[in-house]
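The values are calculated or read from the model by the stated rules, or taken from the named source; none is laboratory data. All figures in this text were calculated on a predicted structure; none of them were measured in a lab. Cβ atoms come from the backbone with ideal geometry, glycine included; neighbour counts cover every protein chain shown.
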Amino acid sequence: MRKENRISSKKRKGYRDEKAALIILLIWIFLAVCVPLFGPYSPTEQNAEIRNQPMSLIHFFGTDEFGRDNFTRVWYGAGISLVIGVGSSLINGMIGILYGAVAGYRGKRIDMILMRAADVIAAIPSILYVILITLVMGPGIKSMIFGICIAGWIDMARVVRGEMIRLKETDFAAAAKIDGISGIRILFRHLLPNALGMIVVNFLFLIPQAIFTEAFLSFLGVGLSAPTASLGTLIQEGRDRMILYPCELLAPLITLCVLLVVFHILAMAMERRGGQTD
Amino acid sequence: MMRYTWKRILTGIVSLFLLATVTFFLVRLIPGSPFQRGGVSEQVVEAVEEEYGLNDPLIEQYLSYMGNLLKGDLGISYQDPGTSVEEIIGRAAPLTVSLGLSALIVSVIVGTGCGVFYAASEKRAVKKVIGSLGMLAAGIPGFAAAILLLMVFSVKLKWFPSSGLFSFSHYILPVTALSLYPTAVITRMTGHALDEEMAKDYVLFARAKGLKKSRIIFTHALKNAWFPVLNYIGPASAFLLTGSFAIESVFTIPGLGREFVMSIANRDYTLILGLTVFMGTVVILLNLLTDLLGAWLDPSVRRAYRKK
């Protein structure tokens, strides 16, 4: 009895963290969409008269060396991070689901060949690929998403494959087969929806990973470059001037950290809940 | 077991081959010539390209590169003729390795310690604090932590030096920044695995026998809970190697990561190629090694393969 109480109160507390994380994420998305669209300043327009201003009520995070409003630039950058994170995760998710579903459902030789190929790709550190691809394709959002998608789907494929192997042995899958339903239909209508929990958990982990990769590379100077300033680019630019204008560095840095931590909290929470309902 | 070993070694070899091939062609695809820059005439660029064999058919270049690679010859730097890529690696690698190895040791020790503490403690507050700190450490990227540490501890407080890697105090900030993420992962792994182990019958039996909790954890449960950590060392080394790109750039340490970033800025193709192949090889071999070690040591994996 006492133990039950403890678990349920723990659960309630857990939900509180998740709710807070979700609210912060929604605020971040709202600001990333609205500030560049409806705000009074443009993230790229330069104005020599208001260079290097400190934080004020007119410019919340001050202005940079070209007189651009840092508040607008930070949220514009956060928007780019979100686009890259969600966009590449959607593509990775789709590739991974199809790949893993085929491997797990067909089994035997096809499974072996597909998963060995995935192992081979996964063994090579993916950041090295992403860097080379941005060099070949030129810096930009497209080449960044393409680079992230080269090896990013493998985790998803492994998870979906495992789920398929487990689910295809279940009674309802056998019943569907006896009913004469085609393999593809069983896969998409009956098996994949049952793996949805695990897919969502994995998807939520993919987003912060992609955002991190983009910020990391832009910070190194091999990702996005001006004028498409993502959070990583802003941090890179702010770093040179961090002693004189710390705000220019700290604002994008903290925005990025909060975004990543919030995604982690949500993903972990989903993982725990997925484990409980199973 | 032998079958698993051979299969794993074969995958490793294919990975190495793929790495070298893909990297070679990608680097050749990078637009522009490494020798093109202001003030250099077309003829000079062409002459130098001829000299380095860049005008030969691609397949010939590829074969000769692969042949040299097997002999351990990675070529000569384009921007710094006279030094070979091996020399640059030989100069830079010790710094990166010592940084990465320190970070690995720190994260294994601190991570396992925090994990044990997490599982052993019955206080909710302790679990909550370790869990939240772990969440923060897992979420905050290493380069962001590095900048914050640099700003606070070496610019503002001046406790630690801000650049180079010469003495013990030079190591503290970069190693801290680099080891944050793996420490969080290892803490979570050991914490959860220990929690599961502690609920098993043999622990109950040991408790009934009157063994102390610390003894149960350290001599029985931890041995079983630690296998996932062993398997994680491969991916962790990949993370530490690539993570050090940013850390080395923040703390101006002339290691592999900094050489790599500079070689990209300089369009030094042989150096980009050589460093990518070298770092990829190190990661692939470490992955192979820890996987095999894990398989040999972990009785459950051994048993699963014996059945087949």
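With respect to the conditions (1) farther than 30 Å from A:Ile80 by Cα; (2) within 11 Å of chain B (Cβ to nearest Cβ); (3) touching a residue at least 40 places away in the same chain (Cβ under 8 Å); (4) small (Gly, Ala, Ser), A:Ala117 lacks only one, and its number is (3). Restricting attention to the range B:111-140, the residues that are in contact (Cβ under 8 Å) with a residue 12 or more places away in the chain, within 11 Å of chain A (Cβ to nearest Cβ) and not hydrophobic (A, V, I, L, M, F, W, C) total 2. Looking at A:Ile141, A:Ile154, just one residue is under 30 Å from A:Ser230 (Cβ atoms), modelled with pLDDT of 85 or more and crowded, with 19+ Cβ neighbours inside 10 Å, and that residue is A:Ile154.
Pairs meeting the criteria (first residue in the range A:124-149 and at positive phi and more than 9 Å from every other protein chain (Cβ to nearest Cβ), second residue among the hydrophobic types (A, V, I, L, M, F, W, C) and crowded, with 22+ Cβ neighbours inside 10 Å, beta carbons under 6 Å, at least 6 apart or on different chains) are lacking. The criterion of being over 26 Å from A:Ile91 (Cα atoms) and under 21 Å from the mean Cα position of the chain (by Cα) does not hold for A:Ile199.
Screening B:Gly164 against (1) within 16 Å of B:Val110 (Cβ to Cβ); (2) part of a loop (DSSP other than H, G, I, E, B) leaves a single unmet condition, (1).
Each residue in the range B:215-231 was checked for being within 25 Å of B:Pro182 (Cβ to Cβ) and either within 14 Å of chain A (Cβ to nearest Cβ) or more than 15 Å from the chain's Cα centre (by Cα) (or both), and 11 of them qualify. Of these, B:Ala246, B:Ala295, B:Ala265, which one is more than 17 Å from B:Leu99 (Cα to Cα), facing chain A (nearest Cβ under 9 Å) and either of a type in the set (A, V, I, L, M) or surrounded by 23 or more Cβ atoms within 10 Å (Cβ to Cβ) (or both)? On inspection, the qualifying residue turns out to be B:Ala265.
Here is a check on your reading of the model: is A:Ile207 within 14 Å of another protein chain (Cβ to nearest Cβ), buried (at least 21 other Cβ atoms within 10 Å of the Cβ) and in contact (Cβ under 8 Å) with a residue 60 or more places away in the chain? So A:Ile207 passes the test.
Those helices (runs of 4 or more DSSP H) of the range A:171-278 in which 3 or more residues are under 30 Å from B:Ala145 (Cα atoms) occupy A:196-220, A:231-240, A:246-277. Here is a list: B:Ala93, B:Ala103, B:Ala119. Which entry is surrounded by 14 or more Cβ atoms within 10 Å (Cβ to Cβ) and touching an Asp or Glu at 6+ places or on another chain (Cβ under 6 Å)? Being surrounded by 14 or more Cβ atoms within 10 Å (Cβ to Cβ) and touching an Asp or Glu at 6+ places or on another chain (Cβ under 6 Å) holds for just one of B:Ala93, B:Ala103, B:Ala119, which is B:Ala119.
The set of residues in the range A:150-182 that are within 14 Å of another protein chain (Cβ to nearest Cβ) and out of contact with any Phe, Trp or Tyr (no Cβ under 6 Å at 6 or more places or on another chain) comprises A:Ala151, A:Ile154, A:Asp155, A:Arg158. Count of the range A:128-155 residues, restricted to those that are part of a helix (DSSP H, G or I), over 20 Å from B:Thr11 (Cα atoms) and not aromatic (Phe, Trp, Tyr), is 16. Do we have A:Ile91 as away from every other protein chain (no Cβ under 13 Å), of a type in the set (A, V, I, L, M, F, W, C), surrounded by 20 or more Cβ atoms within 10 Å (Cβ to Cβ) and in a helix (DSSP H, G or I) here? When the stated conditions are applied, A:Ile91 does not pass them. Criterion applied to A:Thr233, A:Thr255 was being polar (S, T, N, Q), buried (at least 20 other Cβ atoms within 10 Å of the Cβ) and within 12 Å of chain B (Cβ to nearest Cβ), and the one residue passing it is A:Thr255. Within the range A:40-61, none of the residues are modelled with pLDDT of 75 or more and closer than 24 Å to A:Phe212 by Cα.
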